[in-house]
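Encoded as structure tokens, the structure appears first; notes follow it.
The values are calculated or read from the model by the stated rules, or taken from the named source; none is laboratory data. This structure is a prediction, so every number in the text was calculated from the model and none was measured. As a convention, Cβ positions derive from the backbone with ideal geometry for all residues, glycine included, and neighbour counts pool all protein chains shown.
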């Protein structure tokens, strides 16, 4: 009977689940998108965890023991450990790599790097929350402050931990191009441009307001990967883990198969 390494994966889009698998990340990406009719057909985001990660909330060792090859010798593809309240119980220090998976199973590995950007205060940004929330939010808070606000500053719209991204969206240009127009346009899919326009104006004209929820439904499934600005942030009350997105030129040069599929 062949032996296979066991992996721990935390899926963060389109569901939140902790999964054990004997597939390496690239094969896991293919299986989850195109390899099984039980799973999701569409873009997927998941992270590989340090195999030594443990938390008393999860019965990890129990399910790892059940993650064994099939009688024909093929690897066990997925063994779900938990499908509820997963991210809040993940130690963000255990995150090894983040994988962005296209609809045809191509995966792009991202590695965490320190987030050292100096941000312009008060600039309105558009964030897409990914896990465990799915709101699209406009905010005058930068990424560090937004993560802290969502995880400690608000109970009504927050969560213990959060994964989010920022969209490539020029608020000033959007407002300028759509002023005095009857039919507004918006580059973000599944977004009502008139509501977005009004909410952005409200946020800009109310200095004390930190956030404005634009949509309760995620636009990430329909959005192009090209809309991702900077990368992805996992945030907790006192920590921020940043996975930067390569530039389009770097993607085309060094990750051509993924780039061709994604764009």
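Any residue that is under 21 Å from residue 130 (Cα atoms) and in a loop (DSSP other than H, G, I, E, B) - is there at least one of those in the range 196-211?
yes
Working carefully through the options 75, 71, find the one that is surrounded by fewer than 21 Cβ atoms within 10 Å (Cβ to Cβ), free of Cβ contacts under 8 Å to residues at least 60 places away in the same chain, outside the structural domain of residue 258 (by TED's automatic domain parsing) and not in a strand (DSSP E or B).
71
Take the range 149-160 and flag every residue that is assigned to a helix (DSSP H, G or I) and surrounded by fewer than 18 Cβ atoms within 10 Å (Cβ to Cβ).
152, 153
Within the bounds of the range 23-43, is there any residue that is surrounded by fewer than 16 Cβ atoms within 10 Å (Cβ to Cβ), modelled with pLDDT of 95 or more and in contact with a helix residue (DSSP H, G or I) (Cβ under 8 Å, 6 or more places away or on another chain)?
no
Just give me the residues in the range 223-258 being closer than 22 Å to residue 189 by Cα and outside any loop (DSSP other than H, G, I, E, B), in sequence order.
225, 226, 227, 228, 229, 230, 231, 232, 233, 248, 258
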